[in-house]
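Written below as structure tokens is the structure these notes are about.
The values are calculated or read from the model by the stated rules, or taken from the named source; none is laboratory data. Worth saying up front: this structure is predicted, and the values here are computed from it rather than measured. No Cβ is skipped: glycine too gets one built from the backbone with ideal geometry, and neighbour counts run over all protein chains shown.
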Amino acid sequence: MHHTRWEDAVSLMHQRGTRAAQIHERVGLADAIGRILAEDVYTLVPLPHYNSSAMDGYAVCGSGPWILKDAEEPSAHENRHRRTVDLQDGEAATILTGGLIPPGTTTVIRLEGVHLEEQDGSTLVVSDYGEPQPGSDMRNRGEELAEGSLAVSRGTHLGARHIAFLAVCGFDTVPVITQPTVSLAYTGNEVITEGIPGPGEVRDAYSAQFPAILSSMGAKVQGTARLHDDMDELHRWFKSDNCVASDLLVLTGGSSTSEVDLVRQLLSELDAHYIFEAVAVRPGHPCLAAELPDGRIVLGLPGNPLAAHTALYSYLPAYLAGVAGQNLSELLSVELTEDIPPFKKADARLIPARVTGEKARPFRRGVDSHMLSAFAQAQALVVIPPEGAVAGEKVQALPLTV
């Protein structure tokens, strides 16, 4: 069995993703968070899109004091920000923050900078600080961006801040790359889904969070299944409607070579082509990736929980980045705080580590393939070459962002 170098396996998954047909769709802003923008989008309006007040106060024309010229008392549900009156020299009108600047306005005076006086049946607005500067506390149309300016670039992974900006740019929907679809299967007769496992049993460490991890990485989970170590069940799952409609099939367990590890046997029967059949990395060396004759991708994760998680974080983001037309994300560069001795095998190691600033402290305990205690406390997986590394040396690290 050929063991592909870890960094090459990551690259191969990315390359395979770039070969996938990229399909675009339009979605509402509420459904666009976490999606990849399919094309550059440009502002539909100037920002701001009208001249408005930056403060609560009074719009005034000319020199003061000013006669207050307010419209009739607004109704309860009226949008007071749109109320306006034409101002002549020596007149003022009440204005709210964001309110439309009345025609004739020369400046806005803040509410706390004036007082009102009654004189000859009129209300006067009197400045407490002398004559105001023309144009004060006014927001001018287009001062942030002109209409037609680039708003968000193609390939952006849309977050909440992008959605807020796209809304004020005038968008109701945006073009995004259609999410790759994934079906998940959790295998193993020894796995229990709740309670405390007895001898010879293990607790399911995947089904509660794997769908959320995949979704956060940009995939759409078609469905999940729990399978026994049974070839007929495995065959039926591969032929199920969810799997047939999926771009990617992800299985936990069954990727090794024992008599109950059936995934490799099934892939052989289905004439699958290996992208990689094993990886020169610990934990996670039994991980495999293959392509079925119909183009679907199979990612077989090891059964041990740390191995499965390190494999998922290594290869799935690479594949999804390729599908989205994005480059591979750069790994962190961190400085080790302690020595890591050489490994007995010619494999790289992915070791959970605490990261503070640019320094990483790898965990010493809880880092075997069946252990999760270090992983639960880590911020990244440091990539250690077979020859080890020394304190102060710079190494790469894979961030754990979910």
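Results, tabulated for the structure shown:
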| read-out | value |
| --- | --- |
| Lone qualifier among Gln133, Gln179 - being under 25 Å from Ile23 (Cβ atoms), in a loop (DSSP other than H, G, I, E, B) and of a type outside the set (Phe, Trp, Tyr) | Gln179 |
| Residue count, the stretch 313-335 (criterion: surrounded by fewer than 23 Cβ atoms within 10 Å (Cβ to Cβ) and more than 16 Å from the chain's Cα centre (by Cα)) | 5 |
| Selected residue [under 30 Å from Val298 (Cα atoms) and surrounded by 13 or more Cβ atoms within 10 Å (Cβ to Cβ)] from Leu145, Leu214, Leu124 | Leu214 |
| Single residue of Leu37, Leu29, Leu47, Leu96 found to be closer than 30 Å to Leu248 by Cα and in contact with a helix residue (DSSP H, G or I) (Cβ under 7 Å, 6 or more places away or on another chain) | Leu29 |
| Hits in the stretch 8-39 - residues which are farther than 20 Å from Asp247 by Cα and either in a helix (DSSP H, G or I) or of a type in the set (Gly, Ala, Ser) (or both) | Asp8, Gly28, Leu29, Ala30, Asp31, Ala32 |
| Hey, Gly34 of a type outside the set (A, V, I, L, M, F, W, C) and surrounded by 19 or more Cβ atoms within 10 Å (Cβ to Cβ) or not | no |
| The listed residue being assigned to a helix (DSSP H, G or I) and at pLDDT below 95, out of Leu316, Leu320, Leu306 | Leu320 |
| In the stretch 153-195, residue surrounded by the most Cβ atoms within 10 Å (Cβ to Cβ) [restricted to those that are within 16 Å of the chain's Cα centre (by Cα) and of a type in the set (Gly, Ala, Ser)] | Gly155 |
| Within the stretch 323-363, considering residues that are in contact with a helix residue (DSSP H, G or I) (Cβ under 6 Å, 6 or more places away or on another chain) and not in a strand (DSSP E or B), the one nearest to Ala20 (Cα to Cα) | Val323 |
| Residue match in the stretch 227-247 (condition: β-branched (Val, Ile, Thr) and in contact (Cβ under 8 Å) with a residue 60 or more places away in the chain) | no |
| Qualifying residue in the stretch 107-117 (condition: among the charged types (D, E, K, R) and part of a strand (DSSP E or B)) | yes |
| Some residue of the stretch 157-176 being of a type in the set (S, T, N, Q), modelled with pLDDT under 95 and in the same structural domain as Thr43 (by TED's automatic domain parsing) | no |
| Lone unmet requirement of (1) in the same structural domain as Ser215 (by TED's automatic domain parsing); (2) of a type outside the set (Lys, Arg); (3) free of Cβ contacts under 8 Å to residues at least 60 places away in the same chain for Leu12 | (3) |
| Residue match in the stretch 5-27 (condition: over 30 Å from Val395 (Cβ atoms), at pLDDT 95 or above and not charged (D, E, K, R)) | yes |
| Matching residues in the stretch 114-146 - criterion: being over 17 Å from Gly62 (Cβ atoms) and touching a Phe, Trp or Tyr at 6+ places or on another chain (Cβ under 7 Å) | Arg141 |
| Answer from Gln377, Gln396 - the residue that is in contact (Cβ under 8 Å) with a residue 24 or more places away in the chain, within 28 Å of the chain's Cα centre (by Cα), over 24 Å from Ile36 (Cβ atoms) and surrounded by fewer than 15 Cβ atoms within 10 Å (Cβ to Cβ) | Gln377 |
